[in-house]
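The values are calculated or read from the model by the stated rules, or taken from the named source; none is laboratory data. Quick caveat: nothing in here was measured; it's all calculated off a predicted structure. Here Cβ is always computed from backbone atoms with ideal geometry, including for glycine, and neighbour counts include all displayed protein chains.
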Amino acid sequence: MTAAENADEAQRYDPREIQDKWQARWAELDLFRASDDPADTRERYYLVDMFPYPSGDLHMGHAEAYAIGDAMARYWFLRGRNVLHPIGWDAFGLPAENAAIRNNSHPADWTYANIETQAASFRRYATSFDWSRRLHTCDPEYYRWNQWLFLRFYERGLAYRKGGYVNWCPFDQTVLANEQVIGGRCERCGTEVVRRVLTQWYFKITEYADRLLADAAELEGKWPDRVLLMQRNWIGRSTGASVHFAVEGRDEPVTVFTTRPDTLYGATFFVVAADSPLASELCAPDRRAELDAYVEQVRKLTDIERQSTEREKTGVFLGVYAINPVNDERIPVWAADYVLPDYGTGAIMAVPAHDQRDLDFARRFGLPVRVVVETGAPDPAETGVATAGDGVLVNSGPLDGLSKADAIARINSILAGRGLGEAAVTYRLRDWLVSRQRFWGTPIPIIHCPSCGEVPVPEESLPVVLPDLRGADLAPHGVSPLAAATDWVNVFCPKCGGPAKRDTDTMDTFVDSAWYILRYCSPRYDEGPFRTEDVRRWAPVDLYVGGVEHAILHLLYSRFFTKVLQDMGTVDFSEPFTRLINQGQVINGGRAMSKSLGNGVDLGQQIALFGVDAIRLTMIFASPPEDDIDWADMHPEAMVKFLGRVWRIASDVAAASAHQPFAAAGGGSFADGDTELRKITHHAVDEVTRQVEGYHLNVAVARLMELVSATRKAIDSGAGAGDPAVREAAEALAVMLSLFAPYTAEECWELLSRGKPAQPAPGAPAVSVAKAAWPAADPALLVQETVTCVVQVNGKVRDRLEVPPAITEDELRELALAAPGVARALAGQAVQRVIVRPPKLVNIVAV
RNA sequence: GCGGGCGUGGCGAAAUUGGCAUACGCGGCAGGUUUAGGUCCUGUUGGUGGAAACACUGUGGGGGUUCGAGUCCCCCCGCCCGCACCA
């Protein structure tokens, strides 16, 4: 082909035309439906992309995440697996509500409109979803099962209501779970969170703390290390001891938790959280006013201020004394805000010599400092630096002379023997606060009856459907908008029949996403949240793709739900996601895209400029999936060029072999083709397969590019476009490329099959490249006749030899020593040693 | 502060178990096609020296282990992330 013809061809690769043509045809073909037929013996593969929140149209971040997930899904389809690759929408949540308030509309309208927009964009983006399983968490058919699960949790004592300190977002006017407070701020809106005392619903995730921690070990190597690390830190297991301190004038002892029971003899004072009921209870009457004033001052602080380690310690003496159980020493009881009311027991024994915070406090208020572990470091009382390391116990009665570890064991047994304490474990993890004072969520299926108390809504009355409240005031006022729906709120008690009221809070939307991957397995099932045998067939998820922002939120909750369901006997596994990939962020110019920076990149515009395939390919080729992509460094036009090259290869082959049978369908053989190109093709197939399975998708694309170059060369200056090897390469290219650029691949496939009709006769080419088979590398074509052996002298490459792969060590040594480059480099030096690693390397050590 | 991760050409990035550093792409340079530009095609491209052969040098810095280190170990510098008064 001449260059002029090439130029003409170049103009004929039109990504937009191809895109429109195939989008319409694919819609009719329903290519990616997962089979629930028990007779279907194909191996199954369950792949889930974290479902989107319908906050508008898809953006660049979605484009990356779904390009990765889709490539992997298509790979397993082509490998002949029965693939479940579903899609749904995480459709409840605050933004819908806020938008509705802003536009004076209804959250449902905004939500469903956005879902339709995103669904259309997904179709254009050529995602290989099984659309028949589509779900929306805001549908009553879905959230009904949130309610059902809530009631099962309730029966098992895993859902309960309690009063206490909660995180309150003043902007969103609702409570938040600990996991939704990021650096003291609301995860959604960034407002500083304040503490409030409220009665709220909780899920008892702390009961599963140990299992969540232990099972994380199973995920090692399958989940990103940092996610596992973040989960471990979040759960925050501490081992130590509980110690019971008598307090003068109080019948019950006060228990503290400490990780350093060995330092018990060094406790010189006692601190309770200022804002705990305990402080108020212990306070001597003459100190009451002082405590109240202090607590008032503490309450004014935001969490961020309160938790600043820079701040000077504050506190007040409560006028009472605690008794150290091991030496009967009277130590003063103080109230301070550096002790938190909801960690441990809200009270500590203070050992200033060996705890920096206690030391800071002691120095501020002139309290004694007593060293009980001699570490060799200077006296903390003087330096102001507490010594936390190991050492020898002193001033500690029976512990004297012991090491830290021995002392801990000894004191634990002493305490246990005398009923004064015991070894104990504490977690940083708190129970999951699930109630929210907002409208657009799942109503909590509980009725409050003046005489019966909390009464679960009977199962047959589910779902408790959200009242429409169209036109009502949905603005946040600190109580759920549902409270205003009097017709809905006022009900009869299911137990006694008397007048009662519905719970007006809604569930945290993380409840919705904690189990949706199970719902996908039987999305229309209406006798339970999922059909057990379907879940057993598909779950757990083989590959889960999503952002790292859910490292502890969604992923921890899902793991928790799975374990509860396992205990309920409805699932037979303990971890929902076998493998997890966190895709990186798409940024622009070194920073996250944002409106205020004005550096947003619009996905629709990029697609209009370059086409879906080029955008998908840009995302994949940019970097390994987990790395961030800076769009400013990207060149989608280079991908258009590459796709054009692939397309031209297919065109050239189609034109040259118009009368040749379509080999992929068994109509011919590639065996007569050019051997060199065949080897390159099979090598590429082997490499691409390996790279895809290892999730090195960027490298897989690089290998495809190499194959394209080799094929082009074969067409232009080698075997020619009519050679069977060229056809073989073109077909393999089309199939492999379909993971990343489905439209172009499909067009190439059609060109190569010479426009055969969509319904294939037996043995005819497949209707779609998506139904083709992943090419198999022929081992016979992977063996090389010769290998390049590098010959080094003192570690520097001095010559190269072409040798048979099976060469022996002795033969290779001899060849290497005789190589001209070696003679030159040796230049009279004596050979001292020869390291031979056949067939690829020889290193001659000479002096 | 504690914990974790990462530093490779001008740029995005490759590199089984320690074994040819920089695959692939962008950008640059040169050439071909073209009236021209673009498209397309070919070649070239870490640095220094050299006409070339080739030599030296080179994976943040310093040290170590090894015949051999981007890869393993120690120290330092820089960047990123998580947690941050959790007893």
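If you go through segment A:816-825 and keep only what is touching a residue at least 24 places away in the same chain (Cβ under 8 Å) and either away from RNA strand B (no atom under 11 Å from the Cβ) or under 52 Å from the mean Cα position of the chain (by Cα) (or both), you end up with A:ALA816, A:LEU817, A:ALA819. Filtering segment A:330-351 to residues that are among the β-branched types (Val, Ile, Thr) and under 21 Å from A:GLY319 (Cβ atoms) leaves A:ILE331, A:VAL333, A:VAL339, A:THR345, A:ILE348.
Every residue, every condition in (1) buried (at least 20 other Cβ atoms within 10 Å of the Cβ); (2) under 24 Å from the mean Cα position of the chain (by Cα); (3) modelled with pLDDT of 95 or more, yes or no:
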{"site": "A:MET593", "(1), (2), (3)": "no, yes, no"}
{"site": "A:ILE615", "(1), (2), (3)": "yes, yes, yes"}
{"site": "A:ASP627", "(1), (2), (3)": "no, yes, no"}
{"site": "A:MET634", "(1), (2), (3)": "yes, no, no"}
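With respect to A:SER435, determine if the residue is more than 14 Å from RNA strand B (Cβ to nearest atom), over 30 Å from A:ASN98 (Cβ atoms), surrounded by 20 or more Cβ atoms within 10 Å (Cβ to Cβ) and not aliphatic (A, V, I, L, M). No.
None of A:GLY604, A:GLY547 is within 12 Å of A:GLU64 (Cβ to Cβ) and out of contact with any Pro (no Cβ under 8 Å at 6 or more places or on another chain) except A:GLY547.
Applying the criterion of being within 30 Å of A:ALA741 (Cα to Cα) and touching an Asp or Glu at 6+ places or on another chain (Cβ under 6 Å) to the residues of segment A:86-120, the residue that is surrounded by the most Cβ atoms within 10 Å (Cβ to Cβ) is A:PRO86. In segment A:332-385, the residue that is nearest to A:LEU402 (Cα to Cα) out of those that are assigned to a helix (DSSP H, G or I) and among the hydrophobic types (A, V, I, L, M, F, W, C) is A:ALA353.
Residues in segment A:97-106 include none that are hydroxyl-bearing (Ser, Thr, Tyr) and part of a helix (DSSP H, G or I).
Residues are listed down the side, and each one gets a yes or a no for (1) modelled with pLDDT of 90 or more; (2) at positive phi:
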| position | (1), (2) |
| --- | --- |
| A:VAL735 | yes, no |
| A:PRO742 | yes, no |
| A:LEU751 | no, no |
| A:ARG754 | no, yes |
| A:ALA773 | yes, no |
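Check segment A:444-451 and report whether any residue there is among the hydroxyl-bearing types (Ser, Thr, Tyr) and in contact with a strand residue (DSSP E or B) (Cβ under 6 Å, 6 or more places away or on another chain). No; the residues of segment A:444-451 include none that is among the hydroxyl-bearing types (Ser, Thr, Tyr) and in contact with a strand residue (DSSP E or B) (Cβ under 6 Å, 6 or more places away or on another chain). Could you please find all residues in segment A:313-342 being touching a Lys or Arg at 6+ places or on another chain (Cβ under 7 Å) and within 7 Å of RNA strand B (Cβ to nearest atom)? Answer for segment A:313-342, where residues must be touching a Lys or Arg at 6+ places or on another chain (Cβ under 7 Å) and within 7 Å of RNA strand B (Cβ to nearest atom): A:LYS313, A:ASP337, A:TYR338. Counting residues in segment A:766-783 that are within 11 Å of RNA strand B (Cβ to nearest atom) and in contact with a Ser or Thr (Cβ under 6 Å, 6 or more places away or on another chain) gives zero. Exactly one residue out of A:PRO261, A:PRO224 is touching a residue at least 24 places away in the same chain (Cβ under 8 Å), within 10 Å of RNA strand B (Cβ to nearest atom) and more than 34 Å from the chain's Cα centre (by Cα): that is A:PRO261. Within segment A:559-584, residues that are under 27 Å from A:ASP628 (Cα atoms) sit with their Cβ atoms under 6 Å from residues that are of a type in the set (Ser, Thr, Tyr), at 6+ positions apart or across chains, in these pairs: A:PRO576/A:SER558; A:PRO576/A:THR562; A:PHE577/A:TYR544; A:LEU580/A:TYR544. Among the residues of segment A:7-61, those that are assigned to a loop (DSSP other than H, G, I, E, B) and small (Gly, Ala, Ser) comprise A:ALA34, A:SER35, A:ALA39, A:SER55, A:GLY56. Name the single residue, out of those in segment A:534-567 being more than 23 Å from A:GLY236 (Cβ to Cβ) and of a type in the set (Lys, Arg), that is surrounded by the most Cβ atoms within 10 Å (Cβ to Cβ). Among them, the one singled out is A:ARG537. Of the residues contained in segment A:453-467, one or more are found to be of a type in the set (Gly, Ala, Ser), farther than 30 Å from A:ARG195 by Cβ and part of a helix (DSSP H, G or I).
With respect to being outside any helix (DSSP H, G or I), in contact (Cβ under 8 Å) with a residue 24 or more places away in the chain and farther than 15 Å from A:TRP89 by Cα, A:ASP534 falls outside the description. Residue by residue through segment A:496-533, note down the ones that are among the small types (Gly, Ala, Ser) and either surrounded by 17 or more Cβ atoms within 10 Å (Cβ to Cβ) or over 30 Å from A:ILE552 (Cβ atoms) (or both). Scanning segment A:496-533 gives A:GLY497, A:GLY498, A:ALA500, A:SER513, A:ALA514, A:SER522. Can you tell me how many residues within segment A:476-503 are within 32 Å of the chain's Cα centre (by Cα) and under 24 Å from A:TYR53 (Cβ atoms)? Count: 2. Note on segment A:549-592: residues that are under 22 Å from A:MET72 (Cα atoms), more than 16 Å from RNA strand B (Cβ to nearest atom) and not in a loop (DSSP other than H, G, I, E, B) amount to 1. Residues in segment A:437-452 that are aliphatic (A, V, I, L, M) and assigned to a strand (DSSP E or B): A:ILE446, A:ILE447. Screening A:ALA409 against (1) of a type in the set (Gly, Ala, Ser); (2) surrounded by fewer than 17 Cβ atoms within 10 Å (Cβ to Cβ); (3) outside any strand (DSSP E or B); (4) within 13 Å of RNA strand B (Cβ to nearest atom) leaves a single unmet condition, (4). If you go through segment A:585-609 and pick out every residue that is in contact with a Leu (Cβ under 9 Å, 6 or more places away or on another chain) and in contact (Cβ under 8 Å) with a residue 12 or more places away in the chain, you end up with 4. Taking every residue in segment A:626-645 that is within 19 Å of A:HIS696 (Cβ to Cβ) and pairing it with any residue that is near RNA strand B (Cβ under 7 Å from one of its atoms) and of a type in the set (Ser, Thr, Tyr), at least 6 positions away or on another chain, the pairs with Cβ-Cβ distances below 7 Å are A:ILE629/A:SER623.
Within the bounds of segment A:372-392, is there any residue that is more than 16 Å from A:THR258 (Cβ to Cβ) and within 13 Å of RNA strand B (Cβ to nearest atom)? Checked segment A:372-392: at least one residue is more than 16 Å from A:THR258 (Cβ to Cβ) and within 13 Å of RNA strand B (Cβ to nearest atom). The residues of segment A:784-811 that are away from RNA strand B (no atom under 13 Å from the Cβ) and either among the hydrophobic types (A, V, I, L, M, F, W, C) or surrounded by fewer than 14 Cβ atoms within 10 Å (Cβ to Cβ) (or both), listed by number, are A:GLU785, A:ALA806, A:ILE807, A:THR808, A:ASP810. Going by what's in this entry, would A:VAL298 be described as within 41 Å of the chain's Cα centre (by Cα), within 16 Å of RNA strand B (Cβ to nearest atom) and crowded, with 17+ Cβ neighbours inside 10 Å? The answer is yes for A:VAL298.
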